[in-house]
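Below you'll find the structure, written out as structure tokens, and then a few comments.
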Amino acid sequence: MKEIKPVEFKFLLDKRQEPEKLSSEERVRHFASIYLSYSQKQAQTQAGRCINCGNPYCEWKCPVHNFIPQWLQLVAQGKLEEAADLAHQTNPLPEICGRICPQERLCEGACTLNDGLGAVTIGAIEQFIADTALEKGWLPDMSKVKPLGKRVAIVGAGPAGLACAHSLVKEGVEVCVFDKYPEIGGLLTFGIPEFKLEKRIIKRRKQVLEAMGIRFCLNTEIGRDHSVEDLLSQYDCLFLGLGADLGKKANISGELLPGVHAALPFLVRNIYNFLGLPGYEPLNMQNKRVVILGAGDTAMDCNRTALRLGAASVTCVYRQEMHNMPGSKKEIKNAIEEGVHFSWQKQAVELVGKRQVEAIKLLNTIKDGQGLYSFAEGGEHLMPADEVIIAYGFDANPPHWLTEQLAVNLTEKGLVQTNEQKPYAFQTSNPRVFAGGDMVLGADLVVRAVAQGCAAAQGILRYLRSAGKRSKG
């Protein structure tokens, strides 16, 4: 009689193991990545924990609907090139999303093993797949791509624009991406600190995209260096991925005092300096008492950047409780480990100072039975501060030519109105103009911008092909 071997439950034998992190003492001394990479053996072991659910919730929770169980299985088998091919079918930026997605509330949060056994480390494995393949010279296969005879201009080299460009060039469209910054990536490059997303990763992705045939026109601002009329005369369609980068104001007294800064300019100045680009000097945080207002991912980036710039102390003020913070739990944990102090249930109502900000007037908040927060009586106090950074999120900042010259309709919040349904997904009120990412969504996750860029590319392709049929008719 044939011996029946017991089924191996690898998720029981092999525990969830995240990539190792540098010690908090070491990582605050520099801007390098805080994570070490998986070895191939570690990646294979962790990928082998996947139980291949009949209904993979991880895949549905992912905004781009990655083929997660399939590429986990390929990694477990050591087939990294095949895994890279499969990963790129749904996500043009896997090494970036693997690093910065809040997986705990997306794919890993939906993992069947998340209840008690520890979710599969999907994000770290996605990063490993792309990093390893690209380091070995892997490139998307363009050998079967036939020119479509159409040209598309993409304005904005952020995640939505890059995703759209990747998807279009794979279908034979000639693509040129315009951006005002000197490097691609948008806020991936200039808004997210090096310790969270290394800039060499984005430069490497640029090389891949250029090898696919995408052209980049950088340091180029539409409306200044090129008119929209020029673009419309030279290209069949436009895709707009300009983001939403207008920082929300605190709208309190003292906001214009020296020493009070908006989050994004603070981060951009530091990254320009890190990259050795001219035009910006980093703010002097040495031995300063720094206070950050806000609790999202941008606030965490500001907290951790200020520590690395030598701040004597960094305090993050938030009006609700810790479990309500909108930022990634992973990033909050990293900030706490590195020495950021948190002041919960406090609301800034005034920035105090004469020639320079000196303190923040705070009121305690209290939650009622309906979960709403209001000011508590008798809770007013001052928190000393030498520098204050306001990180209350972002609003849309549409350029004037969007409505004046392209006749694109906006919502009351300044977001671009698009048709997200077929046949021409993400088409605006101007038939030749499509849009996606934060300028449609509002400030949101990078992976959602990627998803919209890919979907918009399909809408553009349908429009271009239908235009060809109409002209023949």
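Under a plain spin-label model, where a point goes 7 Å from the Cα along Cα-to-Cβ, how far apart in nm are Asn219 and Ser23?
With each label point 7 Å from Cα toward Cβ, the separation is 4.4 nm.
Enumerate the lysines that Lys333 could reach by cross-link, defined here as Cα to Cα under 21 Å, with residues fewer than 8 away along the same chain left out.
List returned: Lys15, Lys21, Lys196, Lys346.
Contact order normalised by length for the chain, with contacts defined as Cα pairs under 8 Å and 6 or more residues apart; what percent is it?
Relative CO of the chain lands at 15 percent.
Leaving out same-chain residues fewer than 8 places away, which lysines sit with a Cα under 21 Å from that of Lys136?
Lys41, Lys79, Lys199, Lys203, Lys206
Let me have the relative contact order for the stretch 10-135, percent, based on Cα pairs under 8 Å that are six or more residues apart.
Relative contact order of the stretch 10-135: 30 percent.
Let me know the Rg and Dmax you get for the stretch 249-392 when you use only its Cα atoms, in Å.
Calculated on Cα positions, Rg and Dmax stand at 15.1, 53 Å.
With viscosity set to 1.306 mPa s and temperature to 10 °C, compute the Stokes-Einstein D of the stretch 51-189, Rh being the Kirkwood radius across alpha carbon pairs; µm²/s, no decimals.
For these conditions, the coefficient is 98 µm²/s.
Counting only residues 5 or more places away or on other chains, whose amide H sits under 5 Å from the amide H of Glu358 once H atoms are built in the peptide plane?
Amide H to amide H, under 5 Å and 5 or more residues apart or across chains, Glu358 pairs with Val352, Gly353.
Percent of Cα-Cα pairs more than 16 Å apart in the stretch 17-114, please.
So the pairs more than 16 Å apart make up 62 percent of the total in the stretch 17-114.
Once every DSSP H run of n ≥ 4 in the chain is given -39500 (n - 2.57) and the sum is divided by its residues, what mean residue ellipticity at 222 nm do you get, rounded to the nearest 500 deg cm²/dmol?
That comes out to -10500 deg cm²/dmol.
What is the distance, in nm, between label points placed 7 Å from the Cα along the Cα-to-Cβ direction at Leu246 and at Trp401?
Reported label-point gap for Leu246 and Trp401 is 1.8 nm.
Could you rank the peptides 40-47, 148-155 by their average count of other C-beta atoms within 10 Å per residue, with the highest value first?
In descending order of packing, they fall as 148-155, 40-47.
Mind checking which lysines have their Cα closer than 24 Å to the Cα of Lys413? Skip sequence neighbours fewer than 8 apart in that chain.
In chain and number order, the partners are Lys180, Lys248, Lys249.
Peptides 451-459, 133-141: what's the order by average Cβ count within 10 Å, highest mean first?
451-459, 133-141
Suppose we keep just the DSSP beta bridges with both residues in the chain; what percent of those would be antiparallel, to 5?
40
Over the stretch 183-274, what is the relative contact order in whole percent, taking alpha-carbon pairs under 8 Å and six or more residues apart?
42
At 0.36 nm per residue, and after removing the present C-alpha to C-alpha distance, how many nm does the segment from Gln207 to Asp14 gain when stretched out fully?
65.8 nm
Ranking request for peptides 113-122, 250-259: highest mean number of other beta-carbon atoms within 10 Å first, then the rest in descending order.
113-122, 250-259
Taken together, the values in this text are just the output of simple stated rules run on the coordinates, not laboratory data. From a predicted model like this one, the values you see are computed outputs, not experimental measurements. Neighbour counts are summed over all protein chains in view; Cβ atoms, including those assigned to glycine, are modelled from backbone coordinates with ideal geometry.
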